[in-house]
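Undergrad: Structure in structure tokens, see below.
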Amino acid sequence: MSAPALEGRLRDTIRSIGGHMDVWAVFEDAALFGSVVDALADAIEPLRATKIVAVESRGFLLGGAVAAQLAVAFVAVRKPGSLLPGEKVTVRTAPDYRGNETELRMLVRSVGAEDRVVMVDDWIEVGAQALAVRELIEMQGATFLGLATMVDQSHPGVADALPVLVSLVDGDSLDDGGDA
């Protein structure tokens, strides 16, 4: 699917329900989900990542699929209360779009100094998780290459804090139905 066609499909699919944008509808449409995975993989393939990292939960869906598409390893970043057996490295995010700070954890063994890592996520606004993941990756001596996301609604200056920010649709172009 061409980039303009994909952007149009995403705009038509992602809608506000109860004041929140429903990204889950993308995953429920197999063809659209496949096109999103293809587009994200194509966009980050030139970066020559050795690992894809993602934060639960929707990030896991996209990140795992993109990692499989690129034939590279997937690295999970978990939130409190989630199982993650083994020695971990931990950081706390800055406040997110709701004002919440979250502790993010990653297994120490998951990333090494030789790795080139791209984060994949569904949506970026304030960039709190992306910047915290960058810190986790760099704490392990690896290279953080940037973020590939389905929707970019990042606040001013967020993109400047990331080496690369690839997105498929601008969040401000989505129809929020007037209630988001």
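Undergrad: For a quick check of understanding: with a 1.4 angstrom probe and all protein chains in place, what accessible area in square angstrom does Glu45 have, to the nearest ten?
TA: Looks like 120 Å² after rounding.
Undergrad: Non-local amide H neighbours of Ala76 (under 5 Å, H modeled in plane, Pro and chain starts lacking H): which ones?
TA: Under 5 Å from the amide H of Ala76 lies no amide H from a residue far enough along the sequence or on another chain.
Undergrad: Would you grab the residues whose amide H sits under 5 Å from the one on Asp96? Only those 5+ places off in sequence or on another chain, please, with H modelled 1.01 Å from N.
TA: So Asp96 has HN proximity to Glu101.
Undergrad: Does the stretch 70-165 classify as rounded, prolate or oblate by the C-alpha gyration tensor (a ≥ b ≥ c root eigenvalues; a/c under 1.5 gives rounded; else a/b over b/c gives prolate, otherwise oblate)?
TA: It is oblate, given that a/c is not under 1.5 and a/b is not larger than b/c.
Undergrad: Provide the per residue accessible area, probe 1.4 Å, for the chain, rounded to a whole number of square angstrom.
TA: For the chain, the per-residue accessible area is 47 Å².
Undergrad: Turning to a different aspect of this structure: Relative to the longest principal axis of the chain, what angle (0 to 90°, nearest 10) does the C-alpha long axis of helix 3-13 take?
TA: The answer is roughly 80 degrees.
Undergrad: Here is a follow-up. Could you go through the stretch 31-41 in sequence order and give the Karplus-derived ³J(HN,Hα) for each residue, using 6.51 cos²θ - 1.76 cosθ + 1.60 with θ = phi - 60°, rounded to whole Hz, and x for Gly and Pro?
TA: Ordered by residue, 3J(HN,Hα) equals 5, 5, 4, x, 5, 5, 4, 4, 5, 5, 4 Hz.
Undergrad: I've got another one for you. Would you please give the residues with an amide H less than 5 Å from that of Asp22, counting only those at least 5 places away or on a separate chain, with H modeled from the backbone geometry?
TA: Arg15, Ser16, Ile17
Undergrad: Can you divide the C-alpha Rg of the stretch 44-87 by 2.2 N^0.38 Å and report the result to two decimal places?
TA: Normalised by 2.2 N^0.38 Å, the Cα Rg of the stretch 44-87 equals 1.22.
Undergrad: Please identify every one of the trypsin sites (Lys or Arg not before Pro) in the stretch 72-116 that sits in a loop by DSSP and has no more than 10 other beta carbons within 10 Å of its own beta carbon.
TA: Passing both the DSSP loop test and the Cβ count: Arg98.
Undergrad: Let me ask something additional. List the GluC sites (Glu not before Pro) within the stretch 107-180 that fall in a DSSP loop (any state other than H, G, I, E or B) and whose Cβ has at most 13 other Cβ atoms within 10 Å.
TA: Glu114
Undergrad: Is it possible to state the helix-based mean residue ellipticity at 222 nm for the chain, with each DSSP H run of 4+ residues giving -39500 (n - 2.57), the sum divided by total residues, to the nearest 500 deg cm²/dmol? What is it?
TA: After summing the helix terms and dividing by the residues of the chain, the value is -9000 deg cm²/dmol.
Undergrad: Given all pairs of different Cα atoms, what value in angstroms does the Kirkwood hydrodynamic radius of the stretch 7-50 take? Don't skip to the answer; put the middle values down first.
TA: On the way: mean 1/r = 0.0857 Å⁻¹.
Every distinct Cα pair counted, the radius reaches 11.7 Å.
Undergrad: Give, in whole angstrom and from largest to smallest, the semi-axes √(5λ) of the equivalent ellipsoid of the stretch 1-148, with λ running over the eigenvalues of the Cα gyration tensor.
TA: 26, 19, 13
Undergrad: Then there's this: Per the 1.4 Å probe, what fraction of the accessible area of the chain, in percent, lies on carbon and sulfur atoms?
TA: Carbon and sulfur together cover 49 percent of it.
Undergrad: Taking the Cβ of Pro80 as the center, what net charge do the other residues with Cβ under 10 Å away carry, scoring Lys and Arg +1 and Asp and Glu -1?
TA: Every neighbour counted, the sum reads +2.
Undergrad: Going from most exposed to least, what order do Val164, Val26 have by accessible area with a 1.4 Å probe?
TA: So, going from the largest accessible area down, we get Val164, Val26.
The values are calculated or read from the model by the stated rules, or taken from the named source; none is laboratory data. Since this is a predicted model, take the numbers as computed values, not measurements. For neighbour counting, all protein chains shown are included, and Cβ atoms are generated from backbone atoms with ideal geometry for every residue, glycine included. Just the protein is used for accessible areas: all its heavy atoms, side chains included, with ligands, DNA and RNA removed. Shrake-Rupley method; radii C 1.70, N 1.55, O 1.52, S 1.80 Å.
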